[in-house]
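Asker: The structure follows.
Readers should treat all values here as calculations from the given coordinates under stated rules, not as data from a laboratory. In this text, all values refer to a predicted model and were calculated from it rather than measured experimentally. Using ideal geometry, Cβ is built from the backbone for each residue, glycine included, and neighbour counts are taken over all protein chains shown.
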Amino acid sequence: MAEAVFSIPITGTIDIRGETLVIKVNESTLTVKIDSDRVDGLKRLKLETGRTLFDLVLEAGRTMVEEFKEGEFTAASLYHLAVNKHPDLNLKSNSWGAHMVSSAPNHPSYHHYTARRRFFRYLGNGKYSLDPSLVRESAGKPL
């Protein structure tokens, strides 16, 4: 008896409703409950309502300028400052770096980002400074 290899294209829909995955192919439906322990195991960034990673980036920049009196800093130094202040948030260094670049309008790669802010000035060689308009008055004169 000879064997023949063939394929049959199948079109269906996948619908995610809360913790349930529903797959429909023609008149057949398969419903799968998603284990919430596995979903929580993804360790997504969980901030308070209304806060974004941009808020943490700006907060770290202000802390560096106002508390540590540093006029120049790197994305890595701000990242480590934020991780030490918020160890429970599961901050990712790649996401942090991307948010830094998209917060510095004069960075060469700024134009690649759709979510843009004007928090920092890129000084070259990985160094940034906080935009002087964002230094709080209580910290004294902007650097």
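Asker: Tell me, yes or no, whether the range 98-115 has at least one residue that is within 17 Å of GLY71 (Cβ to Cβ) and in contact with a Pro (Cβ under 7 Å, 6 or more places away or on another chain). Lay out the reasoning, then the answer.
Answerer: Pass one, the range 98-115, residues within 17 Å of GLY71 (Cβ to Cβ): 100, 103-104, 106.
Next cut, in contact with a Pro (Cβ under 7 Å, 6 or more places away or on another chain) only: none.
No, the range 98-115 contains no residue that is within 17 Å of GLY71 (Cβ to Cβ) and in contact with a Pro (Cβ under 7 Å, 6 or more places away or on another chain).
Asker: Can you tell me which residue among TYR122, TYR128 is of a type outside the set (S, T, N, Q), touching a strand residue (DSSP E or B) at 6+ places or on another chain (Cβ under 7 Å), under 22 Å from ARG51 (Cβ atoms) and in a strand (DSSP E or B)? First the steps, then the outcome.
Answerer: Details: TYR122 fails: under 22 Å from ARG51 (Cβ atoms).
Answer to the check: TYR128.
Asker: Another question, then. Does THR49 qualify as being assigned to a loop (DSSP other than H, G, I, E, B), more than 30 Å from THR13 (Cβ to Cβ) and of a type in the set (S, T, N, Q)? Please lay out each step first, then the result.
Answerer: Details: assigned to a loop (DSSP other than H, G, I, E, B): yes; more than 30 Å from THR13 (Cβ to Cβ): yes; of a type in the set (S, T, N, Q): yes.
Yes.
Asker: Hey, does the range 87-97 have a residue that's in contact with a Leu (Cβ under 9 Å, 6 or more places away or on another chain) and assigned to a helix (DSSP H, G or I)?
Answerer: Taking the range 87-97 as the starting set, the residues that turn out to be in contact with a Leu (Cβ under 9 Å, 6 or more places away or on another chain) are 89-92, 95-96.
Next cut, assigned to a helix (DSSP H, G or I) only: 95-96.
So far as the range 87-97 goes, yes, one or more of its residues are in contact with a Leu (Cβ under 9 Å, 6 or more places away or on another chain) and assigned to a helix (DSSP H, G or I).
Asker: Among all residue pairs at least 6 apart or on different chains, which show Cβ distances below 7 Å where the first residue, located in the range 21-36, is free of Cβ contacts under 8 Å to residues at least 24 places away in the same chain and the second is among the basic types (Lys, Arg) and surrounded by 10 or more Cβ atoms within 10 Å (Cβ to Cβ)?
Answerer: Nothing qualifies.
Asker: Residue by residue through the range 98-119, note down the ones that are assigned to a helix (DSSP H, G or I) and under 17 Å from the mean Cα position of the chain (by Cα). Walk me through how you get there before you give the answer.
Answerer: Applying the first criterion (assigned to a helix (DSSP H, G or I)) to the range 98-119 yields 98-101, 110-112.
Of everything in the range 98-119, those that are assigned to a helix (DSSP H, G or I) and under 17 Å from the mean Cα position of the chain (by Cα) turn out to be ALA98, HIS99, MET100, VAL101, TYR110, HIS112.
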